[in-house]
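Just so it is clear, none of the values below were taken in a lab; they were calculated from the coordinates. Quick caveat, the model's predicted, so the values are computed rather than measured. When we count neighbours, we look across all protein chains shown, and the Cβ atoms used for this are built from the backbone with ideal geometry, even at glycine.
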Amino acid sequence: MSDTAADPASRRVFIDKQSPKAYHALVETADAVRAVAAEAGLDRILVELINLRVSQINGCAYCLNVHTRAALRAGETSQRLGVLAAWRDTELFTARERAALALAEATTEPANALAQESAYETARQVLDDDEISATIWVAITINAFNRVSVLSKHRVF
């Protein structure tokens, strides 16, 4: 099923609808990652901060909309959400959250080897192996959803 824009050249294939088996496999992966994150002790707010920061980097309006609402439902404050893009410049985030955010950013931009090494070194100081693994998996998964939504041009309603 394709989006029915008036101009055929601007039409986008909603790849989640066009290839539902692949999309459902991604949803199942997200479910497994959510369980891994919970088992590792990553609370819902931290998972949503990771989802939001990665979605900011990727410019995914659809995922930003979904995960802002989820973060607020989980108890996140509007103040912290408002400054998330500049988390390094505020003291509002804990050392654990900062380490996870840096690792999520490094996962999103893996070609930046220097940032990746720095993020991993910082993460090692405050996160255990399970938390590091879960953080990376959360970032990998939201990156995949971002690409689905951005390339399909999912709209925010």
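Spin-label model, K153 to L26: label points 7 Å out along the Cα-to-beta-carbon direction sit 1.7 nm apart. Would you mind telling me which residue in A37, A95, A119 has the biggest mean-square fluctuation in a Gaussian network model of the chain, where springs connect alpha carbons within a distance under 10 angstrom? Evaluated over the chain, the most mobile residue of the options is A95. Projecting the Cα atoms of A100, P110, H67 onto the charge dipole of segment 19-157 (Cβ charges, centred on the Cα centre) puts H67 farthest toward the positive pole.
Return the FRET efficiency for the residue pair A70, L114: r is the Cβ-Cβ distance, R0 is 41 Å, and the value is rounded to the nearest 0.05.
0.80
Report which label in (i) 1.00; (ii) 0.93; (iii) 1.10 holds the value of Rg/Rh (Cα atoms, Kirkwood Rh) derived from the coordinates of this structure. Only one listed value fits the structure, namely (i).
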